[in-house]
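Only one structure is covered here, and it is reproduced in the block below.
The values are calculated or read from the model by the stated rules, or taken from the named source; none is laboratory data. All values reported here derive from a predicted model rather than from experimental measurement. All Cβ positions, glycine included, derive from the backbone under ideal geometry; neighbour counts span all protein chains shown. We work out accessible area using only protein heavy atoms, side chains counted, and drop any ligands, DNA or RNA first. Shrake-Rupley method; radii C 1.70, N 1.55, O 1.52, S 1.80 Å.
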Amino acid sequence: MSPDVLIGLTQATGLLVLLSTCIGVVIGLVVGMIPGMTISTGIIVLLPVTFVLPADISIALLLGLYIGGMTGGSFSAVLLNIPGTPSASATAIDGYPMAARGEAGRALGIAITASFIGGMTSFLFLFFVAPLLANVALEFRTEDMFAVLFFGITIICSFAAKSLVKGLLSGAIGLAIVTIGQDPVMGTQRFTFGQVNLMAGVHFLTAMIGLFAIPQLVSNLTDMTGGAKQIQTKLASVVPRLPDLKAIRLPVTIGSLTGSFLGILPGAGGPIAAFISYDYTRRASKKPETFGNGAVEGVAAPESANNAVTGGALIPMMTLGIPGDPVTAILIGALIVHGLAPGPLMFLERGDFAYGLIFSFFWANIFNFIIALAALRLLVKVLATPRALLMPTVAVLCVIGSFALRNNFFDVYVMLFFGLIGLGMRWLDMPVVPLLLALVLGGQLEENLRVALTSSQGDIAIFFTSPISLGFLFLSALSIAWSLRSAWQSKRATNLHKKELTP
Amino acid sequence: MVLLAFALVYGALTTQLPIRSLPDTPGPPFFPWINTAILLALSLGLLAQGIWAKTPDDGSPEATPDGATEATERWRAVWALGAFLAYLLVLPGLGFLLATIPFFAALMVLFGEKRWLWVAIGSIGISVALYVLFRHGFDVFLPRGVLPDLLATIIP
C-alpha cells in the first residue's frame, strides 16, 4: 500500500477535518432540501469561507456539502413533492405518494439508507479506479491532453437539452471569455482594453457565482409561491425495517452501480443516473404497477444512484481535471485557489492530498447517514425558513465571495456582469452549464493545442498519429453524433406530437 | 441577432491582436480566430433556425389571465437588480455595514416580508453577523467605510 494512502487517511481523520466534514454535511442537507437552492449555489455561498481555510479542511467542507445536498434534495421531494435538487426529481415519483399516505418517515429512512449505500459504492470506485486512471493519464502528451479536453468540451452537447445550437453557442461564448487576459503560451495581452484588472483574465469562480446565484435569486423573486405548501414535519420512525431493507436490495444495487458508472462519464450527472436506475428497477420488478404509487423500490433506486454519482464524478475531476458536473467544476476552482491543480499529476505530486480527499469523501458519507437519520425531525423544520431571510443572505454572501477571492471590488462588478449574462441566457433559453465547462477547460484546451502544434511545426497530423489522441477524438465524434441524433429524435417526436394534436 | 453582433465584435477585436509567433506555429490570435469562426457559424445557424421555424402564431405572445401578477413579479426583479447595482456602487465608499443593512432590508421587503420590526432585526442582525464572521473570523478585508469615523464623531 502506498504511504500516501495512510497519510491521506490520517489527514482526513484529523479532528478539524472531521468537524469540517460534519458541518459541510449539515449545510448540504439544509441547502439540498430547500427548493430554490441548488447544491451549486450552496457551494458558491460557502466559497469565501474556504479561501481562508487550509486546503484539506476546505475540501472536506465542500465534499460534505456535496454529499449532504444530494440526500437533502430527497427530503423536500418526499415531503413537498418539490425536488430540492434536480437529482431528486425521480425520488418524488414514489416518495411523495408514500408521504401522502402517512409514510413520510419510512420513505425518508429508505432514501437516507439508499443514499448511504450508493455513496459507499462510489467511494470504492473512487478509491480503486482513480489512482489507476491517474497512472494511465501520466503517459499523456500535449496532443493527448488536447484530445481529452476536447472530449470534455464535447460534453457540452449533452447539456444542450432543448437546442444543440444554443448549447454549443453557450460553450463558444465561454471559450471567448477564456481568451480575455494574457495568452497562455506567449503572455500577450488579449481583449484587456488597457484594464490592469483584466490582465489575469476573468476568474472562473467569480463568473460562476454570478452565472448561478443571480439568476437563482431573480427566479426566486419571480416565483414566490414555492413556500406556500403545507409541510408534514411530524414523522414516524425513520429507521428502515428489515422487510424494507430486503425489498431495496436489488434497486440499491442497480442504483449504486448505475450511478457510480454514469458519474465517471462527464456530463451524465445525478438526474440522468436517477431516472435510468428508476427505469431499470421498474423493469426488473415483479410488481411494476406499484411504481408511481409509493413503491419503496422507486425511492431506493434513484436515491442510491444520485449519491453514487458523487464519487464517480470525482474520478475524471481528480485524474484528468475534467469536471463531471457543475459542482465538480466549482470544486476544481476551489482546489486551484489553494494551489492544487486536479489532473494526472495530482496523485504523483500530492498523493497525500488526493487520498485525503478520497477519505474525506468516505467520512462525509458516514456522517451524512448518521446525521440525516438522527436529526431528520429537526432538519425538516428548515423547510419553513422564510425566503425573505434566506435569499438576501445568499445575495450578500455572493458579494463577499467574489470580493474575498482577490480582495478586489473589480471582481464583484464582474460577478454582477456575469449575473446579467446568466439572466440574458435564461431569457434566450440558453443553458449556462456549457459556458461554465468552457470556462474551466478552455484555457488548458488552448494551451495544449498550441503547444502540440508548435512541437509539430503546425502539422495537425500530430493529433491523429498518437493512439490515445485518436481514441479520444473518435469518442468526441461519437459524443457529437449521439447528441445530434438525440436532438433530431426529440425534434421529430415534438413534430409528431404537434401533428397528432392538430385536428 | 445579439449573438451574431457579439461574434462580429469579437472577430473585429481579434483582428487587432498582435501577431507574434515563430514560423509555422500558432500565435496569440490563433485560438480567438477559431472561436470567431465557431461563434459566427453557430449564431448564423441559430438565426436561420429561428427564421425557418417561424410560424404565423409565433409573433404574438398569448395573453395570460395572470398577466398583472407576472408584470408585478418582473418589476420586483428589476427593483432587486437595481438595488444590487446601487449596493455595489456605494459599498466601497460607505463600507460593508452601512451599505449592506439597507440593501438587505430592501431585499427582505421585495421577498414579501411586511413586518417592519422583522425587517429591521433581520437586516441589522444578519449584516452584523456576516461582517463579524468574515472580517474578524476569516480575515476578509471587508470595507469599513465611513462608519468608524462616524462613530468617533458621535461618541468622542
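Dipole magnitude for the stretch A:341-421: about 380 debye, using +1 per Lys or Arg Cβ and -1 per Asp or Glu Cβ, origin at the Cα centre. Packing-based ranking of A:51-59, A:392-400 yields A:392-400, A:51-59, ordered from highest to lowest mean Cβ neighbour count within 10 Å.
In whole percent, what relative contact order does the stretch B:2-53 give with Cα contacts below 8 Å and a gap of six or more residues? Result for the stretch B:2-53 is 42 percent. Ordered from largest to smallest accessible area (heavy atoms of protein chains, 1.4 Å probe), the residues A:286, B:114, A:166, A:246 come out as A:286, B:114, A:246, A:166. Scanning chain B for long hydrophobic helices, with DSSP H runs required to stretch 18 angstrom or more by C-alpha along their axis and to average at least -0.5 on the Kyte-Doolittle scale, returns B:2-15, B:30-53, B:67-94, B:96-110, B:116-131. Solvent exposure of the stretch B:2-53 amounts to 57 Å² per residue of accessible area, where only protein heavy atoms count and the probe is 1.4 Å. Principal-axis analysis of the Cα atoms of chain A puts helix A:409-427 at an angle of about 60° to the longest axis.
Using the Cα gyration tensor of chain B, with a ≥ b ≥ c the square roots of its eigenvalues, what is the shape: rounded (a/c below 1.5), prolate (a/b larger than b/c) or oblate (neither)?
Values: a/c = 4.05, a/b = 1.44, b/c = 2.81.
Judged from the Cα gyration tensor, chain B comes out oblate (a/c at least 1.5, b/c at or above a/b).
Contact residues in the stretch A:373-400 (at least 40 Å² less accessible area with all protein chains than alone, 1.4 Å probe): A:388, A:389, A:392, A:393, A:396, A:399, A:400.
Quick one: length gained pulling residue B:89 to residue B:52 fully straight, 0.36 nm per residue minus the C-alpha distance?
8.9 nm is the gain from fully extending residue B:89 to residue B:52.
Where does the charge balance sit around residue A:473 when Lys and Arg score +1, Asp and Glu -1, over other residues with C-beta under 11 Å from its C-beta?
On the way: positive: none; negative: A:143, A:144.
Computed value for this residue: -2.
Helix A:89-100 and the longest principal axis of the Cα set of chain A meet at an angle near 20°. Which one of B:142, B:133, B:47 has the biggest mean-square fluctuation once chain B is modelled by GNM with Cα springs under 10 Å? Looking only at B:142, B:133, B:47, the largest GNM fluctuation is found for B:47.
What FRET efficiency would be calculated for the residue pair residue A:182, residue A:286, taking the C-beta separation as r and a Förster radius of 56 Å, to the nearest 0.05? The value I calculate is 0.35.
Extending 7 Å from Cα along the Cβ direction at residue A:52 and again at residue A:196 yields two label points whose distance is 2.5 nm. The alpha carbon radius of gyration of the stretch B:2-53, expressed as a multiple of 2.2 N^0.38 Å, is 1.39.
Fraction of C-alpha pairs exceeding 22 angstrom in the stretch A:311-445: 57 percent, rounded to a whole number. Computed from Cα atoms, the angle from the helix A:39-52 axis to the main principal axis of chain A rounds to 60 degrees.
Each part reduced to its alpha carbon centroid, the stretch A:254-312 and the stretch A:319-362 end up 26 Å apart. In the assembled protein chains, residue B:131 presents an accessible area of approximately 30 Å² (probe radius 1.4 Å).
Which three semi-axes in whole Å describe the equivalent ellipsoid of chain A, each the square root of 5 times a Cα gyration tensor eigenvalue, listed largest first? Present the calculation step by step, with values, prior to reporting the outcome.
Values: eigenvalues 246, 131, 124 Å².
Those come to 35, 26, 25 Å.
Keeping all protein chains in place, calculate the accessible area per residue for the stretch A:45-89 (probe 1.4 angstrom), answer in Å². Walk me through the numbers on the way to the answer.
On the way: 730 Å² over 45 residues.
Counting only protein heavy atoms, the per-residue value for the stretch A:45-89 is 16 Å².
Distance between the C-alpha centres of the stretch A:30-78 and the stretch A:84-155: 15 Å, rounded to the whole angstrom.
Computed 3J(HN,Hα) for the stretch A:457-469, one whole-Hz value per residue from the Karplus formula 6.51 cos²θ - 1.76 cosθ + 1.60 where θ = phi - 60°, is 6, x, 8, 6, 4, 4, 6, 10, 8, 7, x, 5, 4, glycine and proline marked x. At a threshold of 8 angstrom on Cα-Cα distance, excluding pairs fewer than six apart, so keeping six or more, what relative contact order does chain A reach in percent? Averaging sequence separation for qualifying contacts and normalising by length gives 28 percent for chain A. The modelled label-to-label distance between residue B:139 and residue A:477, using points 7 Å beyond Cα along the C-beta direction, is 5.4 nm. Simple spin-label estimate for residue B:146 and residue A:241 gives 6.8 nm between the two label positions (7 Å along the Cα-to-Cβ direction from each Cα). Total lysine pairs in chain A at Cα distances under 14 Å, for residues eight or more apart or on different chains: 4. Each part gets one Cα centre, and for the stretch B:99-126 versus the stretch A:162-181 those centres are 38 Å apart. Using C-alpha pairs below 8 Å separated by at least 6 residues, the relative contact order for the stretch A:270-364 is 21 percent. Solvent exposure of the stretch B:77-154 amounts to 53 Å² per residue of accessible area, where only protein heavy atoms count and the probe is 1.4 Å. Taking a Cβ cut-off of under 10 Å around residue A:295, the surrounding Lys, Arg, Asp and Glu residues balance to a net charge of -1, with basic ones at +1 and acidic ones at -1. Ranking A:238, A:220, B:150 by how far each Cα lies toward the positive end of the dipole of the protein assembly as shown (charges on Cβ) leaves A:238 at the top.
Grab the other residues whose beta carbon is less than 13 angstrom from that of residue A:109, score K and R as +1, D and E as -1, and report the net. Display every interim value, and only then the final one.
On the way: positive: A:106, A:241, A:377; negative: A:103, A:244, A:303.
That sum, taken over residues with Cβ under 13 Å, equals 0.
Within 10 Å of the Cβ of each residue in B:106-119, the mean number of Cβ atoms contributed by other protein chains is 4. Computed about the Cα centre, the dipole magnitude for the protein assembly as shown is approximately 1380 debye when only Lys and Arg (+1) and Asp and Glu (-1) carry charge, each at its Cβ. Roughly how many percent of the accessible protein surface of the protein assembly as shown is carbon and sulfur, given a 1.4 Å probe and a whole-percent answer? Ligands and nucleic acids excluded, carbon and sulfur reach 69 percent.
Solvent exposure of residue A:106, expressed as accessible area, is near 60 Å², computed with a probe of 1.4 Å over the protein chains only.
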